[in-house]
Amino acid sequence: MYNLLKGKKGIIFGALDENSIAWKVAERAHEEGATFVLTNAPIAMRMGEIKNLAEKTGSEIIPADATSMEDLENLVEKSMEILGGKIDFVLHSIGMSINVRKGNHYTNSNYDFTHKGFDVSALSFHRVMNVLYNKKAMSNWGSIVALTYMAAQRVFPDYNDMADNKAYLESIARSFGYYFGRDYKVRVNTISQSPTQTRAGSGVKGFTGFLNYAEKMSPLGNASALECADYTITMFSDLTKMVTLQNLMHDGGFSNMGISDVIMDDFIDITEE
Ligand SMILES: NC(=O)c1ccc[n+]([C@@H]2O[C@H](COP(=O)([O-])OP(=O)(O)OC[C@H]3O[C@@H](n4cnc5c(N)ncnc54)[C@H](O)[C@@H]3O)[C@@H](O)[C@H]2O)c1
């Protein structure tokens, strides 16, 4: 380990179980010397697994529904009390679409579900930053990261309304990131991660298709949750101080590929050979 986050204080949203990307970020942040508060929706607490992570990393848990300003204000105030000062890093690792869960086709969305998914997956990032900004809770040269997926830029049919939520999320990172940078020297970025086998990921129809296709297309293969955590740690460290307003691809090269030999082989007409 490199002590990259020695003395830094953070808030980590979204560790549900040991497959969660946020779970790996918490483990890695702990190894790199950070102290932090873990948070998740009250309903996720009932599953209880987050307690194991809290014990392992010496962290406290503060439940917060990321769509509730009251919960977020309480979270940020209590976190500063517990951690003894301002916050150096925040991970937003939250995503949920009821249309995806219920199997509603994109062309026939239930708009109450669309609203809810948008509130949880995208607007929550604005809410979190609103509270941090207005409470002056971030340290100078702090870092805020949200996780996203490339369906924000390109079509992946069964990613459904999560594609739109991610596009909005990435835009919020730039828009809010401007004010955070100008006023507090805080950087705001999104990390666009490969398909990863987690609770949220597996909810997408045909998910193994996404996963296997991306694996075959990417020169380095898919990035794992742990590798995503490693990258996130560098974004929280002082080694990336001048990176802001970016959507950072963490996908083994997938996003710049046209076609790979392996995929091409599946389509070559045998009579040509
Ligand atoms: N798994 C993938 O393939 C993949 C790829 C790219 C990006 N991502 C993104 O990574 C992030 C983390 O997802 P994951 O794959 O680790 O899955 P996950 O299911 O482990 O994490 C999603 C988290 O969102 C939390 N959440 C849901 N509603 C909430 C609310 N109202 N308030 C607070 N928290 C709430 C859940 O409790 C859960 O902890 C998400 O933004 C996801 O879209 C995932």
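For the chain, calculate the relative contact order in percent as a whole number, restricting contacts to Cα pairs under 8 Å that are 6 or more residues apart.
Relative contact order, the chain: 19 percent.
Separation between the residue 73 and residue 17 pseudo-spin-labels, each 7 Å from Cα along Cα→Cβ, expressed in nm?
Once both label points are built, they end up 3.6 nm from each other.
Run the helix sum for the chain: -39,500 (n - 2.57) per DSSP H stretch of 4+ residues, divided by residue count, reported at 222 nm to the nearest 500 deg cm²/dmol.
-12500 deg cm²/dmol
Could you sort 184-193, 240-249 so that the peptide with the highest average Cβ count within 10 Å comes first and the rest follow in order?
184-193, 240-249
Please give the FRET efficiency for residue 178 paired with residue 154, using the beta carbon to beta carbon distance and R0 = 22 Å, rounded to the nearest 0.05.
In this case the efficiency is close to 0.30.
Which order do the peptides 258-266, 195-203, 66-74 take when ranked by the mean count of other beta-carbon atoms within 10 Å per residue, highest first?
Output ranking for 258-266, 195-203, 66-74: 195-203, 66-74, 258-266.
When the Cα centres of the range 171-204 and the range 214-273 are compared, how far apart do they sit, in Å?
17
Taking the Cβ-Cβ separation of residue 116 and residue 213 as r and a Förster radius of 45 Å, what is the calculated FRET efficiency to the nearest 0.05?
Using R0 = 45 Å, I get an efficiency of 0.95.
Among 106-115, 167-176, 75-84, how do they line up by average Cβ neighbours within 10 Å per residue, starting with the highest?
So the order, starting with the most tightly packed, is 167-176, 75-84, 106-115.
³J(HN,Hα) across the range 36-43 via Karplus (A = 6.51, B = -1.76, C = 1.60, θ = phi - 60°), whole Hz, x for Gly/Pro?
7, 9, 9, 9, 7, 4, x, 5
Which value, in debye to the nearest 20, gives the size of the charge dipole of the chain about its Cα centre, when Lys and Arg are +1 and Asp and Glu are -1 at the Cβ?
The dipole of the chain has a size of about 1120 debye.
Which of 234, 5, 111 sits closest to the plus end of the dipole of the chain, meaning its Cα is farthest towards the positive end, when Lys and Arg get +1 and Asp and Glu get -1 on the C-beta?
Of the listed residues, the answer is 5.
Positive end of the charge dipole of the range 9-272 (Lys, Arg +1 and Asp, Glu -1 on Cβ, about the Cα centre): tell me which of 165, 175, 192 has its Cα farthest that way.
Farthest towards the positive pole: 175.
Throughout, read-outs are computed from the coordinates displayed, never taken from laboratory work. From a predicted model like this one, the values you see are computed outputs, not experimental measurements. Methodologically, a virtual Cβ is constructed for each residue, glycine included, from the backbone with ideal geometry; neighbour enumeration extends over all protein chains shown.
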